[in-house]
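Structure first, then comments.
The values are calculated or read from the model by the stated rules, or taken from the named source; none is laboratory data. Note that the coordinates shown come from a computational prediction; the quantities given were computed from them, not determined experimentally. Note that each Cβ is placed from the backbone with ideal geometry, even for glycine, and that neighbours are counted across all protein chains shown. SASA here: full protein model, heavy atoms, side chains in, ligands and nucleic acids out. Shrake-Rupley method; radii C 1.70, N 1.55, O 1.52, S 1.80 Å.
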Amino acid sequence: MIIVLIRQTVIMLLLILVGIYCRYKRIVTDIGKKTISNLIVNVVLPFNIIHAYMMEINQDFWKTFFEVMIVTALYQVMAFVIAKSFYYRVEQEKRCVYQYATICSNAGFIGNAVAESLYGQMGILYASIFLIPQRIMMWTAGISFFAKEDGKHVLKKILLHPCMIATYIGILLLVFQISIPDVCNSVIVSISNCCTALTMMYLGMILYGVNIRQLFDRNQLQFALIRLIFIPMVVLIMCRVFSVDKLAAQVCVLLSGMPAGSTTAILATQYHKNEDEAAKCVCSSTILSLFTIILWGYLAYYIL
């Protein structure tokens, strides 16, 4: 597990460095950075979401499926309550960043890789299920933290957001096991595979010029304590209480303790919030998660 985690972290850091290099050499300008942000949110992420739900399941799997769904749904409700309650002392321009990052972790990148490497095909399958409530929350309640507009206007904007439309399509593909033509499948996979590289490079573009010594201030450490320690601890207790299948429970605990989602920085730019704070939130929690994910992996193995 240590090797897997280090490998994924190194990949992320190298991609971030490429983004910093692009800004340093002026390969990407401020206008270009905004264009890349639009491309990721409106094209690449929707295809990535659809691809996440394209998997085969059998009838015997449904019991564990619903166990995982119940745990992850409760986890998302808990994360939402924490997001609404724990950051009242943080100024508004920064508060929405931490609120969104509390709901949306980086389980889709680091989490999937760790689950697949440790638990094989079943690990990636449980991880994909785990991400269903998170994807729904991140493109509904999550966006609402950034978009402070008229209620009906915001609701319409959220429901018709490209990533939410992709979520609807993905759930239909999963539940009804719909097969799509190979050509369409290849297009979806090809665009989806761009997500990690583009997102991490974009994060590096935002980080260009940021003071590294400011990565671990009071707000960052408070968030890390909530995101990396408190939340996975509660999920571990829930899995124990509900007697969730051991393998599925281990995946749930690991993914609930992932760092802030990289989309935090992208959406902060999209909605003109504090993008520097968002980039620092993602980077600082990712660095700290190198240690905490290992901790929760061992605890989940021995306790569940």
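Restricting attention to the range 176-205 and to residues that are closer than 22 Å to VAL28 by Cα and of a type in the set (Val, Ile, Thr), the residue that is farthest from the chain's Cα centre (by Cα) turns out to be ILE191. Residues being of a type in the set (Ser, Thr, Tyr), surrounded by fewer than 20 Cβ atoms within 10 Å (Cβ to Cβ), touching a Lys or Arg at 6+ places or on another chain (Cβ under 9 Å) and over 30 Å from VAL175 (Cα atoms) are entirely absent from the range 10-26.
So is LEU228 more than 21 Å from PRO46 (Cβ to Cβ), modelled with pLDDT of 85 or more, under 22 Å from the mean Cα position of the chain (by Cα) and open to solvent by less than 50 Å² (accessible area, probe 1.4 Å) or not? Judged against the criteria, LEU228 is a match. Pull up the range 86-123, narrow it to residues that are assigned to a loop (DSSP other than H, G, I, E, B) and not β-branched (Val, Ile, Thr), then point me to the one that is surrounded by the fewest Cβ atoms within 10 Å (Cβ to Cβ). Step by step, filter the range 86-123, then rank; the result is TYR88.
For the range 273-295, indicate whether the set of residues that are open to solvent by 10 Å² or more (accessible area, probe 1.4 Å) and not in a helix (DSSP H, G or I) is non-empty. Checked the range 273-295: at least one residue is open to solvent by 10 Å² or more (accessible area, probe 1.4 Å) and not in a helix (DSSP H, G or I). For the range 58-77, the set of residues classified as touching a helix residue (DSSP H, G or I) at 6+ places or on another chain (Cβ under 7 Å) and either buried (at least 18 other Cβ atoms within 10 Å of the Cβ) or closer than 19 Å to THR167 by Cβ (or both) consists of THR64, PHE65, GLU67, VAL68, MET69, VAL71, THR72, ALA73, TYR75, GLN76, listed by residue number. Under the condition of being in a helix (DSSP H, G or I) and either closer than 26 Å to ALA115 by Cα or not small (Gly, Ala, Ser) (or both), the residues counted in the range 251-272 number 13.
Only one of (1) in contact (Cβ under 8 Å) with a residue 24 or more places away in the chain; (2) open to solvent by 70 Å² or more (accessible area, probe 1.4 Å) is not met by ILE31, so which one is it? It is condition (1) that ILE31 fails.
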